[in-house]
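J.: Below are the structure tokens for one structure; questions will follow.
Each value in this text was obtained by applying a stated rule to the coordinates, not by laboratory testing. What you see is a predicted model; the values in this text were computed from it and never measured. Because the Cβ atoms are built from the backbone with ideal geometry, glycine has one as well, and the counts that use them run over all protein chains shown.
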Amino acid sequence: MIAGPSGVGKGTLVRRLAQRLPRLRISVSATTRPPRPGERDGVDYRFVSEEEFSRLIEAGELLEWAEVFGHRYGTPARPVHEALAAGQDVVLEIDVQGAHQIRSRQPDAVLILIEPPSMEELERRLRERGTEDDARLAERLATAERELAERAAFDHVVVNDDLERAADRLVAIIEGSPSTP
Ligand code: ADP
Ligand code: 5GP
């Protein structure tokens with residue numbers, strides 16, 4: 001499972017991974033966050049209402065969930081269980097809180113933290129993406145510092161400096177692991 005600060009390039013890397021390793025299943029999270037321009041329902045996220053998200057929690061349909069920057073995000077359990085039962089590896093792109101929940105429920109999950117080359121570069125990428133106003137950007141950078149302080153809890157740390165090189169390292173980790181969220 002892949003975690004790391006907002007803007008570090010997780011989404012970009014996961015899309016790259018899906019191209020390189022077509023047998024990988026990529027988990028599509030449910031979220032109460034509104035879609036950004038270009039995001040597609042069912043592809044980038046399953047966009048749901050607050051009521052629907054509460055129902056998913058109560059029905060036990062989420063493997064983990066967390067509140068991140070004022071919205072709720074969670075991993076639908078069924079696709080993950082189905083893929084693992086079929087012997088497929090699954091990639092979850094989640095935040096550090098979610099990574100801790102998965103770790104306690106699925107001790108053999110492989111946890112990978114994606115790090116930025118520097119905090120300055122992280123800020124540059126967030127600004128370049130252009131999806132956050134200044135207050136939200138500051139909040140994401142402060143959270144990034146806390147998340148990166150937890151690197152010892154991860155099995156692997158990959159620096160997303162050059163996109164292709166970082167994708168190569170992820171492929172090597174996944175190919176070397178018997179079971180992968
Ligand atoms: P996340 O999913 O972690 O929030 P994104 O995948 O949306 O991050 O990436 C944030 C921004 O950084 C995007 O504009 C993306 O194009 C850019 N980006 C991602 N990886 C790299 C990289 N290795 N070098 C330069 N820019 C990158
Ligand atoms: P964004 O709004 O930028 O797409 O994502 C914000 C944060 O939510 C990121 O840190 C991302 O990893 C996290 N996130 C996305 N999906 C999930 C999920 O299913 N569970 C958890 N715990 N976090 C998620």
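J.: Give the residues of the range 140-162 that are surrounded by fewer than 18 Cβ atoms within 10 Å (Cβ to Cβ), within 15 Å of ligand 1 (Cβ to nearest atom) and not in a helix (DSSP H, G or I), sorted by residue number.
T.: Scanning the range 140-162 gives Val157, Val159, Asp161, Asp162.
J.: I need the full set of residues from the range 96-136 which are of a type in the set (Gly, Ala, Ser), within 14 Å of ligand 1 (Cβ to nearest atom) and more than 16 Å from the chain's Cα centre (by Cα), in order please.
T.: Answer for the range 96-136, where residues must be of a type in the set (Gly, Ala, Ser), within 14 Å of ligand 1 (Cβ to nearest atom) and more than 16 Å from the chain's Cα centre (by Cα): Ser118, Gly130.
J.: Looking at (1) closer than 15 Å to Thr12 by Cα; (2) surrounded by fewer than 15 Cβ atoms within 10 Å (Cβ to Cβ); (3) touching a residue at least 12 places away in the same chain (Cβ under 8 Å), find the lone condition where Arg165 falls short.
T.: The one condition Arg165 does not meet is (3).
J.: Just to verify a result, which residue in the range 3-23, among those that are charged (D, E, K, R) and in contact (Cβ under 8 Å) with a residue 40 or more places away in the chain, is nearest to Val157 (Cα to Cα)?
T.: Per the stated criteria, the residue is Lys10.
J.: Can you tell me which of (1) more than 13 Å from ligand 2 (Cβ to nearest atom); (2) under 16 Å from Leu21 (Cα atoms) is the one Phe154 doesn't meet?
T.: (2)
J.: Output the helices (runs of 4 or more DSSP H) that fall wholly within the range 32-139 and possess 2 or more residues being surrounded by 13 or more Cβ atoms within 10 Å (Cβ to Cβ), in contact with a Lys or Arg (Cβ under 9 Å, 6 or more places away or on another chain) and touching a residue at least 24 places away in the same chain (Cβ under 8 Å), or say none.
T.: 77-85, 119-129
J.: For the range 24-34, does any single residue satisfy the condition of being farther than 28 Å from Val157 by Cβ and more than 11 Å from ligand 2 (Cβ to nearest atom)? Show your work before the answer.
T.: Taking the range 24-34 first, the residues farther than 28 Å from Val157 by Cβ are 32, 34.
Cutting the leftovers down to more than 11 Å from ligand 2 (Cβ to nearest atom) gives us none.
No, there is no match, as no residue in the range 24-34 is farther than 28 Å from Val157 by Cβ and more than 11 Å from ligand 2 (Cβ to nearest atom).
J.: Say we look at the range 13-29 and pick out the residues that are surrounded by fewer than 16 Cβ atoms within 10 Å (Cβ to Cβ) and assigned to a helix (DSSP H, G or I); which of these is nearest to ligand 1 (Cβ to nearest atom)?
T.: For the range 13-29, the residue satisfying everything is Arg15.
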